[in-house]
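Comments concern the structure below.
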Amino acid sequence: MYCHKVLNAVMERLLELSARGLAEAVSRAVGDGALAPGVKLPPVRTVAAELHLSPSTVSAAWQLLRRAGTIRTDGRRGTVVATAGTGGPGRYRAALRGTSGFGLDLSTGVPDPALLPPIPALHGLSPAPTSYLDEPVLPELGALLRERWPYPPDRLAIFDGAMDAVDQVASALLRLGDLAVVENPCFPPLLDLLEVLGVPVIGVGTDACGMLPDQLGAALARRPAAVFLQPRALNPTGASWSPARAGALAAVLADHPQVYVVEDDSAGDLASGPLCSLGEHLPRQVVHVRSFSKSHGPDLRLAAVSGPATILDPILERRLLGQGWTSRLLQHLLLSLLTDPASVRAVRAARDEYARRRRLITSGLAAHGLTLPPGEGLNIWLPVQDEQAALLSLASAGIGAAAGTAFAVGPGAEPHLRVTVGLVAAGHEEVSAQLARAAHAATPGIPR
């Protein structure tokens, strides 16, 4: 019965038999109250059959509505009308909500500003191109990146940060209803992005060396369209691939040549280990994203991307119709930071200092009986007895942390906090003690 009511509401407002026309009809029905928040939309094939449209046209309309925040995925209920003012993704925002104002805010995942390399004076940079027709990638920067890439890239591009690159690649590779494999735990903005695209996720477990190959193999049996991975300093756990783990993951994926792999090396030059990518084994399946935000400055907003021409060329052609390219002035700045000896030394010193800070905190936790797996990067993944009790315990000590729930894929995960220990410049013993106390904190029982 509900299907007929929803379809009638849409058909009454349908002015054009196209994806945009269908999206506009649904939007009008929502706007004038004919479709209330929470109402479940019929399956794509049902809508297509009733309106004499192709399923791909309906899927494209649903895609437009998701991007506008008009509809959302609601687990097993399927696709529903979003609630005005509260709809839309926001796992990360929820994880950070209420963390401002702490004397020591370890919730953010951002680098320490004191450890970033100094920005050269802009007037000291080489003149930036002044034509719309110059190459999108600064030739000198492109040549340098190719020399330093973990494998010979087919195509190399520059995007406005890692998530901009992942967004554009995911939007090009995935369609509504496709499945994607992600690490569990996972970086929340990626989960939010895939939700907006209408792409359900399969979470695959991780250990100190990253995603588990046997679990990946089981997930691939469900025929996903793409796998999203972090090769080094997995956010939030800090796991990095060993050569053996990279080889094992590549061996599993080699049996599924139709599945694309999107790698987000967000740690960049702050990772201690060597550059690594499954592109060494599977260059025709892999898109590799390398960010410079944590190492050289979040506001730099630059990431380099490699991938097969069949994937990147259509994305870059589409990009020319919009912003066109990433600022070549910023590319000059990045080139300067990557080649200036003082900047190179500053980034190396920051890498070593982050490793030292992480080591001091994990050693302090071990002294309190909490041994964490090895890892690197800015964060630790702290197991706790009770998430909310742990957050309250830290808050009472003036310390902020991120709730682990936002990073978990699916229910049943053990409670954790993500703690950005890279921001702990001093007082490591005291912070370790507070973290250990929070890990053992439990919600008081309700007296009877």
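The values are calculated or read from the model by the stated rules, or taken from the named source; none is laboratory data. Keep in mind it's a predicted model, so treat the numbers as computed, not measured. Cβ atoms come from the backbone with ideal geometry, glycine included; neighbour counts cover every protein chain shown. Remember, those area values only see protein heavy atoms, side chains included, never the ligands or the DNA or RNA. Shrake-Rupley method; radii C 1.70, N 1.55, O 1.52, S 1.80 Å.
Could you check, for the range 403-423, whether at least one of its residues is over 29 Å from PRO231 (Cα atoms), open to solvent by 30 Å² or more (accessible area, probe 1.4 Å) and of a type outside the set (Val, Ile, Thr)?
Among the residues of the range 403-423, not one is over 29 Å from PRO231 (Cα atoms), open to solvent by 30 Å² or more (accessible area, probe 1.4 Å) and of a type outside the set (Val, Ile, Thr), which makes the answer no.
For the range 235-247, check the following and say yes or no: at least one residue is among the basic types (Lys, Arg), out of contact with any Lys or Arg (no Cβ under 9 Å at 6 or more places or on another chain) and open to solvent by 40 Å² or more (accessible area, probe 1.4 Å). Quick ask: steps written out before the conclusion?
Applying the first criterion (among the basic types (Lys, Arg)) to the range 235-247 yields 245.
Add one more test, that the residue is out of contact with any Lys or Arg (no Cβ under 9 Å at 6 or more places or on another chain), and what stays is 245.
Narrowing the set further to residues that are open to solvent by 40 Å² or more (accessible area, probe 1.4 Å) leaves none.
The answer is no; no qualifying residue exists.
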Return a yes/no flag: does the range 156-179 have any residue that is under 23 Å from SER293 (Cα atoms), outside any loop (DSSP other than H, G, I, E, B) and without any contact (Cβ under 8 Å) to a residue 12 or more places away in the chain.
no
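So which of LEU316, LEU365 ends up being over 22 Å from the mean Cα position of the chain (by Cα), touching a residue at least 24 places away in the same chain (Cβ under 8 Å) and buried (at least 18 other Cβ atoms within 10 Å of the Cβ)?
On the way: LEU316 fails: over 22 Å from the mean Cα position of the chain (by Cα).
One residue alone meets the criteria, LEU365.
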Considering the range 393-419 alone, what residues qualify as being in contact (Cβ under 8 Å) with a residue 40 or more places away in the chain and part of a helix (DSSP H, G or I)?
SER393, LEU394, ALA395, GLY404, THR405, ALA406, PHE407
Of the residues in the range 201-234 that are part of a loop (DSSP other than H, G, I, E, B) and in contact with a helix residue (DSSP H, G or I) (Cβ under 8 Å, 6 or more places away or on another chain), the one that is most open to solvent (accessible area, probe 1.4 Å) is CYS209
Residues satisfying the stated conditions in the range 319-348, i.e. β-branched (Val, Ile, Thr), surrounded by fewer than 19 Cβ atoms within 10 Å (Cβ to Cβ) and not in a helix (DSSP H, G or I)
none
Scan the range 370-384 and give yes if some residue there is over 28 Å from ALA442 (Cβ atoms), in contact with a helix residue (DSSP H, G or I) (Cβ under 8 Å, 6 or more places away or on another chain) and either among the charged types (D, E, K, R) or part of a helix (DSSP H, G or I) (or both), otherwise no.
yes
Would you mention how many residues in the range 380-390 are closer than 19 Å to VAL110 by Cβ and either open to solvent by less than 10 Å² (accessible area, probe 1.4 Å) or out of contact with any Pro (no Cβ under 9 Å at 6 or more places or on another chain) (or both)?
2
Failed condition for ALA426, given (1) open to solvent by 40 Å² or more (accessible area, probe 1.4 Å); (2) among the hydrophobic types (A, V, I, L, M, F, W, C); (3) in a helix (DSSP H, G or I), with all others met?
(3)
